[in-house]
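Working notes, beginning with the structure itself.
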Amino acid sequence: MSIQRDATLLFRAIYNLLENATKYAGVNAAINVELTANGFIISDNGPGISDSEKDKVFQPNRECKPVSN
């Protein structure tokens, strides 16, 4: 697979996704990085984002509240 994009922006996007996963998923969380035919998927088994916050997740400098257990 080859991704033809700005390397700095791509690095920043991947770094931010991994940083958020390690910061918010929890101490014993599993973080997965998977390459697909269309790009990549970063996922974790953390609590997730509450439904009321999901529309705000792509706003700049926005921190969403995790789902409460």
note = In the chain the accessible area split gives carbon plus sulfur, as whole percent at 1.4 Å, a share of 52 percent
ask   = With every protein chain left in place, what is the accessible area of VAL33 in Å² (1.4 Å probe, nearest 10)?
value = 100 Å²
key: Accessible surface of ASP6 - all protein chains present, 1.4 Å probe, nearest 10 Å²   = 80 Å²
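Using helices alone, what [θ] at 222 nm do you get for the chain, with -39,500 (n - 2.57) per DSSP H run of 4 or more residues, divided over all residues and rounded to the nearest 500?
About -9000 deg cm²/dmol.
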note = Expected field for SER52, accessible surface area in Å² at 1.4 Å probe radius, rounded to 10, holds 80 Å²
key: the chain: equivalent-ellipsoid semi-axes (sqrt of 5 x gyration tensor eigenvalues, Cα, Å)   = 23, 15, 11
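The values are calculated or read from the model by the stated rules, or taken from the named source; none is laboratory data. All values reported here derive from a predicted model rather than from experimental measurement. For accessibility, only protein heavy atoms count, side chains too; no ligands or nucleic acids. Shrake-Rupley method; radii C 1.70, N 1.55, O 1.52, S 1.80 Å.
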